[in-house]
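Presented below is the structure to which this report refers.
Each value in this text was obtained by applying a stated rule to the coordinates, not by laboratory testing. From a predicted model like this one, the values you see are computed outputs, not experimental measurements. Cβ placement follows ideal geometry from the backbone for every residue including glycine, while neighbour counts extend to all protein chains displayed.
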Amino acid sequence: MAINNSIIVPAYKEKNNIRPLVTRIFAGLGNEFSKDTEVIIVDDNSKDGSVEEVDALVKEGYNVRIVVRTTERGLSSAVIRGFQEAKGERLVCMDADLQHPPESVPDVLNALKEASFALGTRYAPGVEIDKEWGAFRRFTSWFARLLALPLTPASDPMSGFFGLQKTVFASINTNDLDVQGFKIALELLVKAKLPHGIKDVPFSFGLREEGESKLSNKVIVQYLLQLKELYIYKFGVGTLAAVALLLVLVVLFLFQYLVL
Ligand SMILES: Nc1nc2c(ncn2[C@@H]2O[C@H](COP(=O)(O)OP(=O)(O)O[C@H]3O[C@H](CO)[C@@H](O)[C@H](O)[C@@H]3O)[C@@H](O)[C@H]2O)c(=O)[nH]1
Ligand SMILES: [Mg+2]
């Protein structure tokens with residue numbers, strides 16, 4: 001049967017999460033989607049048994065494959081690679097560590113029946129947000145969203161759980177995308193043409209139980225640099241404004257070193 005849906009999972013040292021992730025995705029897909037969906041794991045040479053785990057799942061009949069990159073690293077570029085490998089007309093991106101509920105994948109696929117972009121959002125009525133987060137993490141998350149507000153009206157542009165139509169992805173020149181860092185959804189929301197708009201898919205961001213987060217200070221700096229690029233891309237900001245923005249970014253950079 002032809003594949004209509006591709007679930008792309010960037011993964012680095014996620015061996016223990018791969019089995020529960022893949023089995024829960026397919027269990028959640030139900031009759032409508034399970035036959036025409038593939039899962040593509042894009043692994044950056046973890047060498048932790050992830051390849052063997054995927055081989056075992058393939059033998060059990062799951063439509064999953066793993067792309068191992070040996071010369072590149074990084075979440076966003078891994079997602080782009082997965083989109084390029086995908087056979088489906090509907091593309092979904094989600095993390096390997098089960099923080100994005102596999103059972104919500106059908107909601108993303110259903111949203112893509114109408115919308116160009118389906119955005120998993122942690123900021124919607126009735127959604128539980130990050131119960132374990134302290135005040136400072138909540139503040140930085142809120143502030144990071146505030147900085148992105150002039151770029152996109154999307155409710156959660158920092159989300160790593162989203163979907164888009166293959167035609168939307170095909171209309172972008174991937175060389176125009178900044179693939180440093182974690183925020184590939186933001187990049188796509190600003191640069192892609194979305195003729196049928198964005199549909200929110202509320203979800204509760206779970207806790208990582210296996211493995212470790214790869215979020216680092218470097219990722220925060222990459223986000224700030226990405227914002228600067230996107231402001232210039234969108235507004236063609238003049239020199240003065242760009243310098244002002246840079247100053248803000250430098251202050252923020254120092255701020256997170258002083259406070260963290
Ligand atoms: N291939 C590859 N995968 C990576 C890399 N770095 C991280 N990943 C994978 O990307 C996913 C997210 O990484 P985490 O380390 O779990 O990130 P996080 O701090 O939980 O961040 C998540 O939440 C953010 C919102 O708070 C999101 O903005 C972000 O995109 C991500 O979904 C995981 O599946 C992880 O294995 C990399 O260099 N290469
Ligand atoms: Mg995580």
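Numbers at a glance
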item: Per-residue [θ]222 nm for the chain (sum of -39500 (n - 2.57) over DSSP H runs n ≥ 4, rounded to 500); result: -14000 deg cm²/dmol
item: Residue exposure sequence - Met1, Met94 - by fewest surrounding Cβ within 10 Å; result: Met1, Met94
item: For Val39, residues with placed amide H under 5 Å, excluding near neighbours; result: Ile7, Val64, Arg65
item: Proxy reagent accessibility, fewest Cβ within 10 Å first, across Thr121, Thr167, Thr140; result: Thr167, Thr140, Thr121
item: Under 5 Å, built H, 5+ apart or other chain: amide partners of Thr121; result: Val201, Phe203
item: Residue-wise HN-Hα coupling along segment 89-105, computed from phi with Karplus coefficients 6.51, -1.76, 1.60 (Hz; x: Gly, Pro); result: 7, 10, 10, 10, 10, 8, 6, 7, 8, 6, 6, 9, x, x, 5, 8, 4
item: Neighbour-count ranking [beta-carbon atoms within 10 angstrom, fewest first] of Ile18, Ile40; result: Ile40, Ile18
item: Filter on Lys183/Lys214; Lys87/Lys218; Lys35/Lys59; Lys13/Lys35; Lys191/Lys214; Lys15/Lys87 - keep pairs with C-alpha separation over 22 Å; result: Lys87/Lys218; Lys13/Lys35; Lys191/Lys214; Lys15/Lys87
item: Cα-derived Rg to Rh of the chain, Kirkwood definition; result: 0.96
item: Straight-distance crosslink candidates among aspartates and glutamates, where the alpha carbon sits under 16 Å from Lys228 and sequence neighbours closer than 8 are dropped; result: Asp176, Asp178, Glu187
item: Span-rule helices in the chain, defined as complete DSSP H runs reaching 18 Å or more along the axis (Cα) with Kyte mean at least -1.0; result: 15-34, 135-148, 217-235, 239-259
item: Computed over the chain: relative contact order in percent, which uses C-alpha pairs under 8 Å that are six or more apart; result: 22
item: Segment 181-228-segment 162-176 distance, computed between alpha-carbon centres (Å); result: 15
item: Estimated FRET transfer efficiency (Ile232, Val67; beta-carbon r; R0 35 Å; 0.05); result: 0.60
